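Single-structure report; data block below.
The values are calculated or read from the model by the stated rules, or taken from the named source; none is laboratory data. These numbers were taken from a predicted model, which means no experiment stands behind them. Backbone-built Cβ (ideal geometry, glycine too); neighbour counts: all protein chains shown. The accessibility values were calculated without ligands, DNA or RNA, using every heavy atom of the protein model including side chains. Shrake-Rupley method; radii C 1.70, N 1.55, O 1.52, S 1.80 Å.
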Amino acid sequence: MKDILFLLADVWMIFVGYFFGWKLIRRYGNYLLGLELMVVATSGTNFLVWSLLGANPGSILYDIAYFFDAFSRSLGVTLILVMGLMKVTRNYKPSPAVDVGVFALATAAGLFLRQFHGEDPRVDHGAFAVAAFYVAVNLATAVFLAYFVKRLWNAGAKWPAIWTGLVTAAATTIAFTYDFFPFPFDDANRTFFYTAALATWGTQGFVYYFAYRALHNYNAASGVKTVQEAGAPS
């Protein structure tokens, strides 16, 4: 049963990443958010294939999984997420060069940081520093997301604001648990933890998409109202 729940959580994350990532690109032209969701989905696909093929730690898929994990935990669902959401909070429109540059930087971070996976942060100083870095950037992102929640609430999008706050809190809990507080009842493969993590990360993409859409629509409606008022006779 636990294996089925794990696979369902992974499939959920894959679906959300590809489906809503594509919608963010096609409907809103947001390549930062859209591509990052697709990176998360690709990571989930790799993880799913690796699991179905026997979860061999000597497989190249295992190394690829560590790369994707480091990519998203360092700069993906942190800096790239913030920059993508800034399109509806600050009307930020990065140039194609910025888009390419930030993904190149995240790729470099993923390639460098993946070497620390598998080490125990309680005894390895390098692994501890990397784990602490992941938690720090997650907390910094949570601060921005608190501001994002406030913008949603002020825009009248109460439910998107509430769900964004809840899923962000869940994701921060996962970030703390990942390296520092493993579930004492978990098995050797950490099946319960990864099921919770995959379900949370998938739900993040789902909730953030609809929160983004709500704020985008609010901004668009406010812009139309402003133009109408500016053109109205005094």
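Numerical summary
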item	result
For segment 1-118, radius of gyration divided by Kirkwood radius, i.e. Rg to Rh on alpha-carbons	1.01
The chain, relative contact order [Cα under 8 Å, separation at least 6], %	25 percent
Amide H within-cut-off set for residue 30, under 5 Å, with H built and near neighbours excluded	25
Per residue solvent-accessible surface (Å²) - the chain, probe of 1.4 Å	53 Å²
Cα Rg, Dmax (largest Cα-Cα span) when computed across segment 1-67, Å	13.4, 41
Contour excess over end-to-end distance, with Cα ends at residue 222 and residue 86 and 0.36 nm allotted per residue	47.3 nm
Full-extension gain in nm, residue 98 to residue 125, via 0.36 nm per residue minus C-alpha separation	6.4 nm
Alpha-carbon radius of gyration plus Dmax, which is the widest Cα pair, for the chain in Å	19.0, 74
Signed unit charges on C-beta, dipole axis of the chain, positive-most listed residue 156, 223, 107	223
Alpha carbon centroid spacing (whole Å) that separates segment 1-61 from segment 155-190	18 Å
Out-of-range pairs (alpha-carbon distance over 32 Å; input 2/87; 23/150; 23/158; 93/158)	2/87
Within a Gaussian network of the chain (alpha carbon springs, distance under 10 Å), most fluctuating of 65, 221, 171	221
Local electrostatic count, residue 34, Cβ distance below 9 Å [Lys/Arg +1, Asp/Glu -1]	+1
Debye log10 I(q)/I(0) for segment 85-137, one point scatterer per Cα, at q = 0.16, 0.21, 0.31 Å⁻¹	-0.64, -0.81, -1.12
Cβ-based net charge around residue 86, under 12 Å, with every Lys or Arg adding one and every Asp or Glu removing one	+4
Whether segment 83-187 is rounded, prolate or oblate, judged on the alpha carbon gyration tensor where a/c under 1.5 counts as rounded	oblate
Kyte-Doolittle mean at least 1.0 and Cα axial length at least 27 Å: DSSP H helices in the chain	31-52, 125-154
